[in-house]
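The values are calculated or read from the model by the stated rules, or taken from the named source; none is laboratory data. All figures in this text were calculated on a predicted structure; none of them were measured in a lab. Here the Cβ positions follow ideal geometry from the backbone for every residue, glycine too, while neighbour counts run over all protein chains shown.
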Amino acid sequence: MQALTLEQKAALVVGASFWSTASAEGIPSVVVTDGPHGVRLQRGGGDALGIGDSVPATCFPPAAGLASSWNPALVERVGVALGDESRAEGVGVLLGPGVNIKRSPLCGRNFEYFSEDPLLSGELGAAWVRGVQSRGVGASLKHFAANNQETNRMTVSAEVDERTLREIYLPAFERVVTGEQPWTVMCSYNRINGVAAAENRWLLTDVLRDEWGFRGLVVSDWGAVEHRVPALKAGLDLEMPGPQSDSTAAVVAAVRSGELDLAVLDAAVRRVQHLAERAWTGSSTGGPASAGSAGHHALAREAATESMVLLRNEGGLLPIDTAQAIGVIGEFARTPRIQGAGSSQVTATRVDSALDAISSISPVEFAPGYSLDPRVAPEPLIAEAVSVARRSGTVLLFVGLPARDESEGYDRTHLDLPDAQVRLIAEVAAANPRTVVILTNGGVVSLEPWHDSVPAIVESWLLGQAGGSALADVLFGRVAPSGRLAESIPLRLQDTPAFLNFPGDGDTVRYGEGIFVGYRYYETVDRPVRYPFGHGLTYTTFAYSDLVATPKGASVTVTNTGSRAGADVVQLYISAPTDGVPVPRRELRGFEKISLEPSEAIRVHFELENRAFSHWDVSRKAWVVAGGRYSVEIGRSAHDIVASQTVELAPPRVGRLTLDSRVSDFLGHPVTGPILARAASGVDDGDNANLLEMVASMPMRRLMRFPGVGDSFKRVGVLIALANNPVVRGVASLLRRR
Ligand code: BGC
């Protein structure tokens, strides 16, 4: 460090190329690359435009699929494989995971994100980071923060209130940072309440470093830095991509003029150096398995089986009876769509089609049903498909969103499948009542108006390169489905919580729904959805018994009551008392995936921390547990609660009273409460309770300004002194408890 000139230091905090950090004497360059569901290493250094031109790598299921596994152990194994493939290619940092919340189903990048729920996103993101980093490769947790849409992503300001940020949009990042210390965190493009993420000191320093204890390096999203010096001051260590001579010159000039403290630049350089040391230590420790290994394809297949969700299975149509003639309809069965478009798109080592995989199990008749080329007329294809459906015992109908519908860089404007496919479903279902619809889509699609016309539906998301074989495994019952929805499937776009505020007016997007995102909204306002968050069927059934809950944890027994082995995802929700701050009807606070043989039972334990019962108190700038009765609930989904128990939590420790405290704070206080109540009962008009309630929300100081009341000013001073005396307060609390 000491040997470096100012110019060298300024050059180190900007990348050397599109995909590498700068080097200097003793500080080697590090190769970074996308992420998150495969290693997209571009040949010859690459650039922004050569997205498709990357070396072959295993394409695992994108996050939308992987999240539906609700299985951190599986995600961690995928992370290990990704870490190994990165190492084999000399990649020091893999750019992922993306833990942004799915605020609206329209976000074009939802396929790259895990969930509408912060706990699920955080646990799965943490597992991904654990896996990758266990191989000596760094992760880049992205996109920090409130990057929940693609429309105007580089300029839009997400207007989000503090409680909503703390409870919904930051916790997944917090979980990954505090638990796993990712080597890097990537700041997002957008502004947050007016301040660009790249220049947001509150976000990058106060919260990330000072509160959460982040020790790694903050990197910009590619092209997110507008003003290098303010960004550096805010806590952004490394600008990517590089080189950017204007940034380097600005940093040099700012240090020279005294505008930028050299210590700030030194700290960023030290983090670049530390990253390089870690990456190079990692790269010298042993020979990792490379892409193309059979093991990684098998893992991609296993992950894909867990990523699909059996939404509906009337009459037990699945698993398929091979004695029946099988008709396979839909171009996606032959030409699978395995991932979304944009920077995450990898070149797969191979791709299994469902048509091949199904044909290897049972003879099938195939019709494409539609073309992926929008110029081809649909009618003849639909007619051909209907005749195949008529001749078949069971129809496997593959439909989904065309690739151009979902991509990084833009959002969707509706939730519908293409018209021709909706017509195809109607006609095939009319021709054959034993029709299974298999959906291919990265973001949620509408299942209307055709949902009721088919007995079975599999939501297969985007499954990565082995999705075709995995689908055959599940459809034929070689593997039982075990996915659960990581996001709600609404009935109508108009029902979604962000409908009125997405994607904003161009410059700003107001997060008007606040904390009521996804199921938190649907459950609170009692709005029906097609399928709730957490829903998913399998080929067996489970029963829940003997729930025991305390503020420290809960246990429940789960029994496989069906005749086949299967995996269940036990979901624990907490429902907070509704008489204080507004709260969602329930929130996911724990989950556990377990496998059970027929008749087998397992006792599942959840630990609960205070945080599970807390909300973010804006005035105290802290997590606070409101006292009262909480319900601990076990659910098959966010809507289907199968067991619940009440636990009682003590009210928070009383804060200090001041003249700015509300009258209600004085009334609720163990010292002043009884005194005021007694005093009020002396005011003899018979309506004292109302009188107190009327002024309850007034700060005491303001009440004092009312004629007559001000005379008591001195006595209030005495009350406050008494109330804040720890001994008096302790005695009063004891008396109250007795
Ligand atoms: C994306 C990031 C990605 C980066 C590098 C950006 O456009 O938002 O997710 O890691 O490019 O490709």
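Does at least one position in region 457-477 carry a residue that is in a loop (DSSP other than H, G, I, E, B), touching a Phe, Trp or Tyr at 6+ places or on another chain (Cβ under 9 Å) and hydroxyl-bearing (Ser, Thr, Tyr)? Yes; the residues of region 457-477 include at least one that is in a loop (DSSP other than H, G, I, E, B), touching a Phe, Trp or Tyr at 6+ places or on another chain (Cβ under 9 Å) and hydroxyl-bearing (Ser, Thr, Tyr). A Cβ distance below 9 Å, combined with a sequence gap of six or more or placement on separate chains, defines the contacts here; from region 128-143, residues that are outside the structural domain of residue 87 (by TED's automatic domain parsing) reach no residue that is more than 12 Å from the ligand (Cβ to nearest atom).
Considering region 513-552, the residues that are more than 27 Å from residue 448 (Cα to Cα) and under 24 Å from the mean Cα position of the chain (by Cα) include one that is surrounded by the most Cβ atoms within 10 Å (Cβ to Cβ), namely 515. When region 149-183 is filtered for residues that are within 16 Å of the ligand (Cβ to nearest atom) and at positive phi, only 152 remains.
The sole residue among 581, 570, 618 that is outside the structural domain of residue 305 (by TED's automatic domain parsing) and surrounded by 20 or more Cβ atoms within 10 Å (Cβ to Cβ) is 570. Restricting region 83-119 to residues that are in a strand (DSSP E or B) and either within 19 Å of the chain's Cα centre (by Cα) or surrounded by fewer than 24 Cβ atoms within 10 Å (Cβ to Cβ) (or both) leaves a set whose member that is nearest to the ligand (Cβ to nearest atom) is 95. Residues in region 496-511 that are buried (at least 16 other Cβ atoms within 10 Å of the Cβ) and farther than 16 Å from residue 413 by Cβ: 497, 508, 510, 511.
Within region 243-263, residues that are under 15 Å from residue 12 (Cβ atoms) sit with their Cβ atoms under 6 Å from residues that are assigned to a helix (DSSP H, G or I) and of a type in the set (Gly, Ala, Ser), at 6+ positions apart or across chains, in these pairs: 248/10; 248/11; 251/10; 252/10; 260/254. Restricting 324, 339 to those that are within 16 Å of the ligand (Cβ to nearest atom) and either outside the structural domain of residue 63 (by TED's automatic domain parsing) or closer than 18 Å to residue 467 by Cβ (or both) reduces the list to 339. The single condition from (1) closer than 21 Å to residue 271 by Cβ; (2) within 16 Å of the ligand (Cβ to nearest atom) that residue 128 fails is (1).
Residue 300 fulfils the conditions (1) over 26 Å from the mean Cα position of the chain (by Cα); (2) among the aliphatic types (A, V, I, L, M); (3) not in a loop (DSSP other than H, G, I, E, B) except for a single criterion, (1). Applying the set (1) surrounded by fewer than 24 Cβ atoms within 10 Å (Cβ to Cβ); (2) within 13 Å of the ligand (Cβ to nearest atom) to residue 44 leaves exactly one unmet item: (2).
Within region 94-104, not a single residue is within 25 Å of residue 468 (Cα to Cα) and among the charged types (D, E, K, R).
Looking at region 559-674, the strands (runs of 3 or more DSSP E) lying wholly inside it that each contain 1 or more residues that are farther than 24 Å from residue 121 by Cβ sit at 566-575, 587-596, 601-607, 628-635, 641-649. Answer yes or no as to whether residue 533 is in contact with a Lys or Arg (Cβ under 9 Å, 6 or more places away or on another chain), aromatic (Phe, Trp, Tyr) and either assigned by TED's automatic domain parsing to the domain that holds residue 561 or outside any helix (DSSP H, G or I) (or both). When the stated conditions are applied, residue 533 passes them.
Conditions (1) over 20 Å from residue 131 (Cβ atoms); (2) of a type in the set (D, E, K, R); (3) crowded, with 24+ Cβ neighbours inside 10 Å, marked per residue:
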residue: 173; (1), (2), (3): no, no, yes
residue: 176; (1), (2), (3): no, no, yes
residue: 179; (1), (2), (3): no, no, no
residue: 187; (1), (2), (3): yes, no, yes
residue: 196; (1), (2), (3): yes, no, yes
residue: 207; (1), (2), (3): yes, no, no
residue: 213; (1), (2), (3): yes, no, no
residue: 218; (1), (2), (3): yes, no, yes
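Look at residue 224 and say whether it is out of contact with any strand residue (DSSP E or B) (no Cβ under 7 Å at 6 or more places or on another chain), in the same structural domain as residue 164 (by TED's automatic domain parsing) and among the aliphatic types (A, V, I, L, M). The answer is no for residue 224. For region 203-221, a residue qualifies if it is touching a strand residue (DSSP E or B) at 6+ places or on another chain (Cβ under 7 Å) and either free of Cβ contacts under 8 Å to residues at least 12 places away in the same chain or in a loop (DSSP other than H, G, I, E, B) (or both), and the qualifying residues are 214, 216, 221.
No other residue among 256, 228, 270, 209 is in contact with a Lys or Arg (Cβ under 9 Å, 6 or more places away or on another chain) and at pLDDT 95 or above apart from 209. Filtered by the rule that a residue be modelled with pLDDT of 95 or more, more than 17 Å from residue 237 (Cα to Cα) and either out of contact with any helix residue (DSSP H, G or I) (no Cβ under 8 Å at 6 or more places or on another chain) or surrounded by fewer than 22 Cβ atoms within 10 Å (Cβ to Cβ) (or both), region 5-39 gives 5, 34.
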